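**Q** First, the structure itself, so that you have it in front of you.
Where a number appears in this text, it was derived from the coordinates with a stated rule and is not lab data. Just so it is clear, the model here is predicted, and its values are computed rather than measured. Cβ sites come from the backbone with ideal geometry, for glycine too, and all protein chains shown count toward neighbours.
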Amino acid sequence: MIQVRYFASLREALGRSSESVDPPPSVTTVASLRDHLAARGEPWNALGTARNLRAAVNQDMVGMEAPVAAGDEVAFFPPVTGG
Amino acid sequence: MIQVRYFASLREALGRSSESVDPPPSVTTVASLRDHLAARGEPWNALGTARNLRAAVNQDMVGMEAPVAAGDEVAFFPPVTGG
Amino acid sequence: MTGDLIDIREADFDVGAETAALTAGDPAAGAVATFVGLVRDRNDGGGPGGVAAMSLEHYPGMTEKALAGIVEEARGRWDIRRVRVIHRVGDLSPGDRIVYVGVSSAHRGEAFAACEFVMDYLKTRAPFWKKEQTPDGARWVDARESDDQAAERWGGGGR
Amino acid sequence: MTGDLIDIREADFDVGAETAALTAGDPAAGAVATFVGLVRDRNDGGGPGGVAAMSLEHYPGMTEKALAGIVEEARGRWDIRRVRVIHRVGDLSPGDRIVYVGVSSAHRGEAFAACEFVMDYLKTRAPFWKKEQTPDGARWVDARESDDQAAERWGGGGR
């Protein structure tokens, strides 16, 4: 299982802040996880079309090519705007 | 008359913080005023030997080539060390 | 180092107390640079009242981890003494303080550089998101390209 | 601008109050950068206790004029809102605050740059002189070459 979290405008677009996902073996990176989730159709396709989508794995900011494995916490969110 | 002021280590070396000077016509710049004052011997020669002597005319920091005229307030001091 | 602080919270902070804490009991500190960010009542190019209120969301856990990483990176780059970072979340109004970053060091150059570095990296790497209430409704604030540029000028080490 | 301050005095200052004054009633200010300089208990390369006390002399009249000129120059270079400069004179002890420089602006880049600029220029153009009490007696502090270099990197306009 992978714990997936959503924040800010993405959280609102998806109507939820987290979910547990049991992805197929083909999901090995953040990008493939995103594509797997987005392929479920509305509203999840927002993950595929989001401009400048950012991700974190186990609370470290990563690129889309970063590896993902069972037990990870993966977060998707728009560019940060704090400070 | 020119009002001359001294600060910090220079004030201590000269044993005074100010004096009124009526210089000869040859004194037309800060440098010539300094040389005129230093030529008076001890302790004033400290003005001639001071390392990195700085000056202000009418409370504006200036170079040694700056003009000096009657009525001016001229200050000599070491490099500043505030802040 | 003792005296360091990373604090995410709803409550306001006391700039005087935080700045004093950066050098309390540390007579080797000669310089403190601080930054305070506040909620403006407008957007760039917009007039007063363009922003009536703001709410700040964050990613608990990752926020603290990201800020600790940013502070650690600043320590690797400059000879600094203490760093205190406070960031508020929740509902805020124009004029409210949002963020405090303070850095102490022996001399001012290091304090200024590290303080600005932490702010620049916080703006691009710490998971906070602002949502503004405007006369036209609520909107999530867009990331500013100038923030990416500010972070990039410090070179390497990013991400 | 209303809210600006240049103050030479013996009394300590309140960092929280000064920083709040930079943005009070100004909802367009989103950023405040400040610097506080303190008396260290040592010199560079020296150990604790190397400086037991310090006294600060200045040139009344010229000091205020020089600082006003420095602030005016900062205003010409950056889009900033308010500037507050406080410098203490007289007898101080290790840990005491010496100087406060605070700058507010819409965005942080201008506030940081202007604040550091004012400090760098103050260090080389404002007529203050420090005298330290050390175990070997009193000595006037030598100007640091690094301060000249810090001021020079801002280019032109010096003196």
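**Q** Considering only region C:21-42, state which residues are more than 20 Å from D:Leu22 (Cα to Cα) and either more than 8 Å from every other protein chain (Cβ to nearest Cβ) or acidic (Asp, Glu) (or both).
**A** Scanning region C:21-42 gives C:Ala21, C:Leu22, C:Ala24, C:Gly25, C:Asp26.
**Q** Could you give every pair whose Cβ atoms fall below 6 Å, whose first residue belongs to region A:20-49 and is in a helix (DSSP H, G or I), and whose second residue is of a type in the set (Lys, Arg) and surrounded by 15 or more Cβ atoms within 10 Å (Cβ to Cβ), counting only separations of at least 6 or pairs across chains?
**A** If the second residue must be of a type in the set (Lys, Arg) and surrounded by 15 or more Cβ atoms within 10 Å (Cβ to Cβ), the pairs left are A:Leu47/A:Arg34.
**Q** Conditions: (1) without any contact (Cβ under 8 Å) to a residue 12 or more places away in the chain; (2) more than 30 Å from B:Gly83 (Cα to Cα); (3) surrounded by 17 or more Cβ atoms within 10 Å (Cβ to Cβ). C:Pro27 meets all but one. Number of the miss?
**A** (2)
**Q** Which residue is nearest to the other protein chains (Cβ to nearest Cβ), if the candidates are limited to region A:36-64 and must be more than 15 Å from A:Ile2 (Cβ to Cβ) and polar (S, T, N, Q)?
**A** So the residue we want is A:Asn52.
**Q** A:Gln3 fails exactly one of the following numbered conditions: (1) surrounded by 18 or more Cβ atoms within 10 Å (Cβ to Cβ); (2) touching a residue at least 60 places away in the same chain (Cβ under 8 Å). What is the number of that condition?
**A** If we test A:Gln3 against (1) surrounded by 18 or more Cβ atoms within 10 Å (Cβ to Cβ); (2) touching a residue at least 60 places away in the same chain (Cβ under 8 Å), just (1) comes out false.
**Q** Hey, among the residues in region A:69-83 that are over 12 Å from the mean Cα position of the chain (by Cα) and facing chain C (nearest Cβ under 9 Å), which one's surrounded by the fewest Cβ atoms within 10 Å (Cβ to Cβ)?
**A** At the first step, the residues of region A:69-83 found to be over 12 Å from the mean Cα position of the chain (by Cα) are A:69-71, A:79-83.
Now restrict to residues that are facing chain C (nearest Cβ under 9 Å): A:79-83.
Values: A:Pro79: 19, A:Val80: 26, A:Thr81: 22, A:Gly82: 27, A:Gly83: 24.
Only one residue tops the list, namely A:Pro79.
**Q** Inspect all residues belonging to region D:55-66 and state whether any of them is closer than 19 Å to B:Val80 by Cα, out of contact with any His (no Cβ under 8 Å at 6 or more places or on another chain) and β-branched (Val, Ile, Thr).
**A** No - not one qualifying residue is present in region D:55-66.
**Q** Still on this structure, I have one more. Of the conditions (1) outside any strand (DSSP E or B); (2) within 13 Å of chain A (Cβ to nearest Cβ); (3) touching a residue at least 60 places away in the same chain (Cβ under 8 Å); (4) not basic (Lys, Arg), C:Glu18 satisfies every one except a single condition; which number is it?
**A** Failing condition for C:Glu18: (2).
**Q** Next question. As an exercise: evaluate A:Thr28 against (1) surrounded by 12 or more Cβ atoms within 10 Å (Cβ to Cβ); (2) within 17 Å of A:Pro79 (Cα to Cα); (3) of a type in the set (Ser, Thr, Tyr) and give the number of the one condition it does not meet.
**A** Condition not satisfied by A:Thr28: (2).
Okay, residues lined up against (1) over 28 Å from D:Lys131 (Cβ atoms); (2) within 12 Å of the chain's Cα centre (by Cα); (3) of a type in the set (A, V, I, L, M, F, W, C):
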{"residue": "B:Ala13", "(1), (2), (3)": "no, no, yes"}
{"residue": "B:Glu19", "(1), (2), (3)": "no, yes, no"}
{"residue": "B:Thr28", "(1), (2), (3)": "yes, no, no"}
{"residue": "B:Leu37", "(1), (2), (3)": "no, yes, yes"}
{"residue": "B:Gly41", "(1), (2), (3)": "no, no, no"}
{"residue": "B:Gly48", "(1), (2), (3)": "no, yes, no"}
{"residue": "B:Leu53", "(1), (2), (3)": "no, yes, yes"}
{"residue": "B:Gly63", "(1), (2), (3)": "no, yes, no"}
{"residue": "B:Pro67", "(1), (2), (3)": "yes, no, no"}
